[in-house]
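Asker: Take a look at the following structure, please.
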Amino acid sequence: MNYSDLIDRLSEATGKPKTQTKELVESTVSVLTSELGNGNGFSIPELGTFSTKVNDVKKVYSPHYKSYILVPPKRVVDFSPASGLKENLKFVETEDE
Amino acid sequence: MSEKITFKQLVELISSQAEQSHDSTYSFIQELVGIIESGLRSKGSVSISGFGKFELRWMNERTGVNPQTGEEITIPGQNKVVFKPYKSLREHVNRPYANMEPQVLSETPEDNDTGPISPAVFGTKKEGPSKEKPKKEEPEKKKPLEDDSPFGLAPPDDEDPFEEETAKKEKESEKEDDTEDEEELLVERNSPVGFPSLSGSDEDEKDEDFLASVFNLSDEIEDEHEKEKEADDSADTPPLSVASTSVDKKKGIETVKKAGSFNWSYAAAAIVVALVIFIILFLMMRPDPAPEATVLPETTEQELTEPADQAVRVAPEEPDPVIDEEAPPEPEIAPPVTYEHDVASGETLWSIAEAEYGNPYLWPLIFESNPDTITDPNVIVAGSSINIPSIEDPQNLTPEESEMVAEGYYSLYQWSTVNKPDEARNFLWAVGKFSPDVLDKYSGEVDSNHLSFAKRQ
């Protein structure tokens, strides 16, 4: 489902105009992004838990440099779905987009 | 890093940003979640621009083990929900580590006897092969938010893999080159100090600065490698510059140890060393101009006039002084028509002959013409000045010129019998090639084996 479909459906469900729902979604996204940027995790009921974790330095072989390199650490977003959502969607048949 | 905010706080933040009431924000989020679920159910993926994409991924049926009973069970094929952050979110989250680049080590797979990434490294991270000491199993206490880490990493374990690595590296460093030392020093310095602190949530800022400095050094290391290579390439003949590159390397290691940008002191050191070399070479050059002073006016003047006349004059002069002395010490024995050439760094007699004559095989002629300056035919000193006999038509040597070349090869032969006896006879053969007369002239003095070799081919 693409973004515009999402907005359409959301606007229908909330009864709010599309422009407003779009702004609301954007505010939500901005808050979530900034919190994750600060390293703070959070849970959204019925959806799941967002958190950050740091991938530590790794020694890997790089074919580009043709030798071992130390990959620097990296902070990434981790998402874990809520159990209700997981169960509900386990055996769903989806139509291909 | 593993701090959490409550959903209530989240709602507050969104409400204030969107200028909505708490309740309406709350219900809005509920609706949003519902739409995401139904979107996943019907379409399999939901994308939120500027944030990320929720997707259903199919996991095939697989066999697992019931953790309680230990019996095998079949885990049916099913969907799982995944979230893929988009670029802006990814980059925003990785801000603290954004400037870091991979640090190239000089190890290649052949260097490690134990294989690409040795099992011992992974062993300490995950379970525990026999090598592990008991204490490593203790810090299994996991930080709250990192339980789900796919690597199963408990951060305190980090110290160990790298300590093992450095222990191995220290053993290997005895076998490996000096060039390895820089990287090993760096890794050694990192492990005891840097890696354990990676885990601490309170120490993020310290980590960032330290790690930033570690990984920014990768640029410096590469720069130093390049500087060293350049220094090595440009100066091969003077023995002094060999010393200077090793000095540079040592200075390079020192600057790396200090963990800062010390480019200025490194550059200053290089300049000082270069100046010293210049001064010494200059002093070396000084004694030469004196004896050449007398020869120079003659040779340059003669060169300006027609060389053809000189060739005639050379012929009668030459045979006598050459026959009398095997190793002509005086400049006048050398053909009068010569000009000076300052040896540049990287030149060889071979390359000079090729440049001047178009035929590098004539190089013994130059050797012969510089008995004072060139004692070892394989070594000419950059910055020194040598005489190059001028040859009018290198493709067709006059008999006199051929003889001179042959004489040159004979001198080489003599040098070779002393220093490199195995190759001597080849030079004698060359003598014969350029002038059979000269070969005959010396036939009484040479080793008979060499002579028969030279005459046979």
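The values are calculated or read from the model by the stated rules, or taken from the named source; none is laboratory data. Everything quoted here is computed from the prediction, not taken from an experiment. Here the Cβ positions follow ideal geometry from the backbone for every residue, glycine too, while neighbour counts run over all protein chains shown.
Asker: In region B:4-19, what residues are surrounded by 16 or more Cβ atoms within 10 Å (Cβ to Cβ), more than 15 Å from A:PRO45 (Cα to Cα) and more than 7 Å from chain A (Cβ to nearest Cβ)?
Answerer: B:SER15
Asker: Taking region B:71-116 as the search range and keeping residues that are among the small types (Gly, Ala, Ser) and at pLDDT below 90, which one is nearest to A:TYR68 (Cα to Cα)?
Answerer: B:SER106
Asker: Could you tell me which residue of region A:60-90 is nearest to B:PHE51 (Cα to Cα), considering only residues that are at the interface with chain B (Cβ under 7 Å from one of its Cβ atoms) and among the charged types (D, E, K, R)?
Answerer: A:ASP78
Asker: Let me ask something additional. Checking B:GLU71 against (1) more than 9 Å from chain A (Cβ to nearest Cβ); (2) closer than 18 Å to A:LEU89 by Cα, only one condition comes out false. Which one?
Answerer: In the conditions (1) more than 9 Å from chain A (Cβ to nearest Cβ); (2) closer than 18 Å to A:LEU89 by Cα, B:GLU71 misses (2) alone.
Asker: For residues that are touching a residue at least 60 places away in the same chain (Cβ under 8 Å) and farther than 17 Å from B:PRO399 by Cα, tally how many sit in region B:348-372.
Answerer: 1
Asker: Considering each of B:ARG57, B:ARG62 in turn, give the residue that is of a type outside the set (Phe, Trp, Tyr) and either under 23 Å from A:ASP5 (Cβ atoms) or modelled with pLDDT under 90 (or both).
Answerer: On inspection, the qualifying residue turns out to be B:ARG57.
Asker: Quick one: how many residues across region B:21-50 are assigned to a loop (DSSP other than H, G, I, E, B) and either in contact (Cβ under 8 Å) with a residue 24 or more places away in the chain or within 7 Å of chain A (Cβ to nearest Cβ) (or both)?
Answerer: 3
Asker: Follow-up question, since we're still on this one. Every residue in region A:43-55 that is buried (at least 20 other Cβ atoms within 10 Å of the Cβ) and over 18 Å from B:LYS84 (Cβ atoms), please.
Answerer: A:VAL54, the sole residue that qualifies.
Asker: Does region A:43-59 contain at least one residue that is acidic (Asp, Glu) and either more than 7 Å from chain B (Cβ to nearest Cβ) or within 28 Å of B:GLN78 (Cβ to Cβ) (or both)?
Answerer: For region A:43-59, residues acidic (Asp, Glu) and either more than 7 Å from chain B (Cβ to nearest Cβ) or within 28 Å of B:GLN78 (Cβ to Cβ) (or both): present.
Asker: Looking only at region B:51-61, which residues are part of a strand (DSSP E or B) and within 19 Å of A:LYS90 (Cβ to Cβ)?
Answerer: The answer is B:PHE54, B:GLU55, B:LEU56, B:ARG57, B:TRP58, B:MET59.
Asker: Quick check on my filter: what residues within region A:44-97 are in contact (Cβ under 8 Å) with a residue 24 or more places away in the chain, part of a strand (DSSP E or B) and not hydrophobic (A, V, I, L, M, F, W, C)?
Answerer: Matches in region A:44-97: A:GLY48, A:THR49, A:SER51, A:THR52, A:LYS53, A:ARG75, A:ASP78, A:SER80, A:PRO81.
Asker: In region A:10-21, what residues are surrounded by fewer than 19 Cβ atoms within 10 Å (Cβ to Cβ) and assigned to a helix (DSSP H, G or I)?
Answerer: A:GLU12, A:ALA13, A:THR14, A:LYS18, A:THR19, A:GLN20
Asker: Let me ask something else. Sort out which residues of region A:22-43 are part of a strand (DSSP E or B) and not hydrophobic (A, V, I, L, M, F, W, C), and write them in order of number.
Answerer: If the condition is that a residue be part of a strand (DSSP E or B) and not hydrophobic (A, V, I, L, M, F, W, C), then A:ASN40, A:GLY41, A:SER43 are the ones that fit.
Asker: Can you name every residue in region A:25-39 that is within 12 Å of B:VAL93 (Cα to Cα) and either surrounded by 19 or more Cβ atoms within 10 Å (Cβ to Cβ) or small (Gly, Ala, Ser) (or both)?
Answerer: The answer is A:LEU32, A:THR33, A:SER34, A:GLU35, A:LEU36, A:GLY37, A:GLY39.
Asker: Can I ask one more? Answer yes if at least one residue in region B:389-408 is assigned to a strand (DSSP E or B) and not polar (S, T, N, Q), and no otherwise.
Answerer: Yes, because at least one residue in region B:389-408 is assigned to a strand (DSSP E or B) and not polar (S, T, N, Q).
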